[in-house]
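The values are calculated or read from the model by the stated rules, or taken from the named source; none is laboratory data. In this text the structure is predicted, and so the values were computed from the model without any measurement. A quick note on method: Cβ atoms are made from the backbone with ideal geometry, for glycine too, and the neighbour counts reach across all protein chains shown.
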Amino acid sequence: MIPARAWLEVDLDAIVANYRDLRAVYGGPVHAVLKRDAYGLGLRGIAPVLAGAGCREFFVEDLPEAHRLLAALKAHPCPPPQVHVLAGLGGRPPRAFAVKGVRPVLGSRADVARATAVPGMAVTLQFDTGLARPGLTPDDLAALGPALARLDVVHVMSHLAVMGDPDAVSNHDQRRRFLAMAAAFPQAGQSLPSSAFVFAGPGWRIGAARAGSAVLGTRHVANPAYRTRPAVRMLAPVIDIRDHPAGRRIGYGRHTLPRPSRLGTLMLGYADGLPDAFWSRAPAVEVAGRRCPILPEVSMMQCFVDLTGLPDSALPRARVAVVFGGGQDINAFAGRLHTQPNRIITGTGASVPRRHVTGARETGARETGA
């Protein structure tokens, strides 16, 4: 059945294939970053298939998201996951993290001091090696020595700044700083490379890789070696098709048809999370295999798509429009709009329902955006 409004279709097979490819390319462990509800694509449906593919460690935004991930994996037979909470304590009491496998990522002196209220608490440390985000510095480590000795530091991490140029001098400076700081915690796991650095060669094989974008099929750097399968399509139903004479004013009357036209009412509007650039750059969608323009009369829930160029024989197939993911995948779509694909999937994923599919079959993990 065709949904009544626009939706995202998330290809779980592509996500699993991406994860396996990343492990093969990297030659080491790859931890999945599923923050912000798996970048808007639906953590509940994605986490179990990644666990089934061998992923044992995950990075999420906050403690409630960690609980949602654990709940999603509860019915799936796999070793207990390790979940790193990127927001750290997030204002919550340290004892709230007394959940097996859940570790706050600590990046400030204050959070480290607070965490010592639970002696032996398993934690991940975030180092500031040059990104100027929250993170511990060498001076912090020196000052926090006694406090850190009361905690179980199981993982250390940092984030490289220049993703589009792995050979940038600043990246190598960050690498040296990270390894120097990590040496104080020889028992801890390490993760420095993100998605882009998985494809940057063996020189960046430092501990585990943390991958979100590449697992989910988005690409935001120009490196030709960065290969990932697009895993999401956005579709919208065409609920009505009518023929109109030239001179007809449509919608709220801001557009007049210059010629006789066949228009479809498309259940896609400005509330569905697409960036403004989509609506302002000659928007078009794919209907029955052809690119069809959207007319400049857009409301919150609907717009008009010009089907005049479609032959009558194509009309039975003109019931669903592909916004992105057909002949124009999410990465090409984002490039045309001069934006990042992750901005598009987080925006649309928070606004429209999602359907998770595997092969030609819907998994039943049907979710609604926030």
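For (1) buried (at least 19 other Cβ atoms within 10 Å of the Cβ); (2) among the β-branched types (Val, Ile, Thr); (3) more than 19 Å from Ser158 (Cα to Cα), each residue gets a yes or a no:
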site: Cys55; (1), (2), (3): yes, no, yes
site: Phe59; (1), (2), (3): yes, no, no
site: Leu63; (1), (2), (3): yes, no, yes
site: Ala72; (1), (2), (3): yes, no, yes
site: His76; (1), (2), (3): no, no, yes
site: Pro80; (1), (2), (3): no, no, yes
site: His84; (1), (2), (3): yes, no, no
site: Ala96; (1), (2), (3): no, no, yes
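So that you can scan it fast, the table gives a plain yes or no per residue for (1) assigned by TED's automatic domain parsing to the domain that holds Leu43; (2) of a type in the set (A, V, I, L, M); (3) over 17 Å from the mean Cα position of the chain (by Cα):
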{"site": "Val169", "(1), (2), (3)": "yes, yes, yes"}
{"site": "Gln174", "(1), (2), (3)": "yes, no, yes"}
{"site": "Trp204", "(1), (2), (3)": "yes, no, yes"}
{"site": "Ala208", "(1), (2), (3)": "yes, yes, yes"}
{"site": "Pro237", "(1), (2), (3)": "no, no, yes"}
{"site": "Asp243", "(1), (2), (3)": "no, no, yes"}
{"site": "Ala246", "(1), (2), (3)": "no, yes, yes"}
{"site": "Arg249", "(1), (2), (3)": "no, no, yes"}
Criterion first (on the phi > 0 side of the Ramachandran plot and free of Cβ contacts under 8 Å to residues at least 60 places away in the same chain) does Gly253 satisfy it?
yes
Residue that is modelled with the highest pLDDT [pool: residues in segment 277-324 that are in contact with a helix residue (DSSP H, G or I) (Cβ under 8 Å, 6 or more places away or on another chain) and on the phi > 0 side of the Ramachandran plot]:
Ala288
Tell me the residue from Arg262, Arg291 that is over 24 Å from Ile345 (Cα atoms) and not aromatic (Phe, Trp, Tyr), please.
Arg262
Report every pair of residues separated by at least 6 positions or lying on different chains whose Cβ atoms are under 8 Å apart, first residue within segment 1-21 and in contact (Cβ under 8 Å) with a residue 60 or more places away in the chain, second crowded, with 23+ Cβ neighbours inside 10 Å and basic (Lys, Arg).
Trp7/Arg354; Leu8/Arg354; Glu9/Arg354; Val10/Arg354
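Being farther than 21 Å from Glu61 by Cα, among the acidic types (Asp, Glu) and in the same structural domain as Gly201 (by TED's automatic domain parsing), is that true of even one residue in segment 135-145?
Yes: segment 135-145 contains one or more residues that are farther than 21 Å from Glu61 by Cα, among the acidic types (Asp, Glu) and in the same structural domain as Gly201 (by TED's automatic domain parsing).
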Give me the pairs, please: first residue somewhere in segment 318-340 and among the basic types (Lys, Arg), second residue anywhere and at pLDDT 95 or above and assigned to a strand (DSSP E or B), beta-carbon distance under 8 Å, and either six or more positions apart or on two chains.
Arg319/Pro237; Arg319/Val238
Quick one: Pro81 ticks every box in (1) closer than 20 Å to Leu125 by Cβ; (2) modelled with pLDDT of 95 or more; (3) in contact with a strand residue (DSSP E or B) (Cβ under 7 Å, 6 or more places away or on another chain); (4) of a type outside the set (Ser, Thr, Tyr) except a single one, so which number is it?
(2)
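I'm checking my understanding of the structure. Among residues of segment 40-49 that are in a helix (DSSP H, G or I) and in contact with a Leu (Cβ under 8 Å, 6 or more places away or on another chain), which one is surrounded by the fewest Cβ atoms within 10 Å (Cβ to Cβ)?
Val49
From the residues in segment 174-186 that are in a helix (DSSP H, G or I) and touching a strand residue (DSSP E or B) at 6+ places or on another chain (Cβ under 8 Å), which one is surrounded by the most Cβ atoms within 10 Å (Cβ to Cβ)?
Filtering segment 174-186 for residues in a helix (DSSP H, G or I) gives 174-182.
Checking which are touching a strand residue (DSSP E or B) at 6+ places or on another chain (Cβ under 8 Å) leaves us with 177-178, 181-182.
Values: Arg177: 17, Phe178: 23, Met181: 21, Ala182: 21.
Going through the qualifying residues, I end up with Phe178.
Can you pull out every residue in segment 348-357 that is under 17 Å from Lys35 (Cα atoms), of a type outside the set (S, T, N, Q) and part of a loop (DSSP other than H, G, I, E, B)? Can you show your working first?
Going through segment 348-357, the residues under 17 Å from Lys35 (Cα atoms) turn out to be 348-351, 354.
If we keep only those that are of a type outside the set (S, T, N, Q) too, we end up with 349-350, 354.
Residue satisfying the conditions is Ala350 alone.
Name the single residue that is surrounded by the most Cβ atoms within 10 Å (Cβ to Cβ) among those in segment 6-39 being of a type in the set (A, V, I, L, M, F, W, C) and touching a Cys at 6+ places or on another chain (Cβ under 8 Å).
Val30
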Tell me which strands (runs of 3 or more DSSP E) are completely within segment 270-347 and hold 1 or more residues being in the same structural domain as Arg249 (by TED's automatic domain parsing) and over 27 Å from the mean Cα position of the chain (by Cα), or say none if there are none.
290-293, 303-306
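Can you work out which of the residues in segment 256-269 that are among the hydrophobic types (A, V, I, L, M, F, W, C) and within 27 Å of the chain's Cα centre (by Cα) is surrounded by the fewest Cβ atoms within 10 Å (Cβ to Cβ)? Break it down into steps so the answer makes sense when it comes.
Of all residues in segment 256-269, those among the hydrophobic types (A, V, I, L, M, F, W, C) come to 257, 263, 266-268.
Next, from what is left, pick out any that are within 27 Å of the chain's Cα centre (by Cα): 266-268.
On the way: Leu266: 27, Met267: 22, Leu268: 28.
Among residues in segment 256-269 that are among the hydrophobic types (A, V, I, L, M, F, W, C) and within 27 Å of the chain's Cα centre (by Cα), the one surrounded by the fewest Cβ atoms within 10 Å (Cβ to Cβ) is Met267.
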Residue list for segment 241-269, filter: under 11 Å from Cys303 (Cα atoms) and assigned to a strand (DSSP E or B):
Ile250, Leu263, Gly264, Thr265, Leu266
